[in-house]
């Protein structure tokens, strides 16, 4: 008899929790949605990059012409010695509103390649990727295929090869 009473208690608790859980879950989901609507979102912090093998001068010039001429954006600050370019980005999606953007040119230690990083923090990441793709296309159209990296010189032959115990073996 005790077992039946115990099962009855469990059944009542299960019935109550089945009615309470959906209410709690619904309230929790509602709070999450309300917080997402009310709280301001942080600006996007994505950035897109491109490794150029065209050298610093060609990549810098193509990037500057892309921003200033091709995209008709206002360059607010630039420094080719340090390797950065600041501009006011305007997209048809933003309704004429301009947002700050940057293009950074980072020389590699070997001196041949350049890492280009584009950042437009207040816009979705695909805007940055479109600019990176446009720069890559512009470099290829204006300068042809990227220069091949020089192969390292072959290792010198071992001067002692052919001497010793192995030299007498047939």
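The values are calculated or read from the model by the stated rules, or taken from the named source; none is laboratory data. As the structure is a computational prediction, the values presented were derived from the model and not from experiment. Positions of Cβ are generated from backbone atoms using ideal geometry, with glycine treated the same way; all protein chains shown enter the neighbour counts.
Looking at 130, 67 in this structure, which one is within 22 Å of residue 140 (Cα to Cα), outside any strand (DSSP E or B) and free of Cβ contacts under 8 Å to residues at least 24 places away in the same chain?
That would be 130, the only listed residue that is within 22 Å of residue 140 (Cα to Cα), outside any strand (DSSP E or B) and free of Cβ contacts under 8 Å to residues at least 24 places away in the same chain.
When you go through 72, 94, 108 one by one, which is the residue that is at positive phi and either surrounded by fewer than 16 Cβ atoms within 10 Å (Cβ to Cβ) or outside the structural domain of residue 54 (by TED's automatic domain parsing) (or both)?
72
Sort out which residues of the range 86-107 are touching a strand residue (DSSP E or B) at 6+ places or on another chain (Cβ under 6 Å) and free of Cβ contacts under 8 Å to residues at least 24 places away in the same chain, and write them in order of number.
86, 87, 88, 90, 102, 104, 106
Do the conditions hold for residue 123, that is, is it within 15 Å of residue 59 (Cβ to Cβ) and crowded, with 17+ Cβ neighbours inside 10 Å?
no
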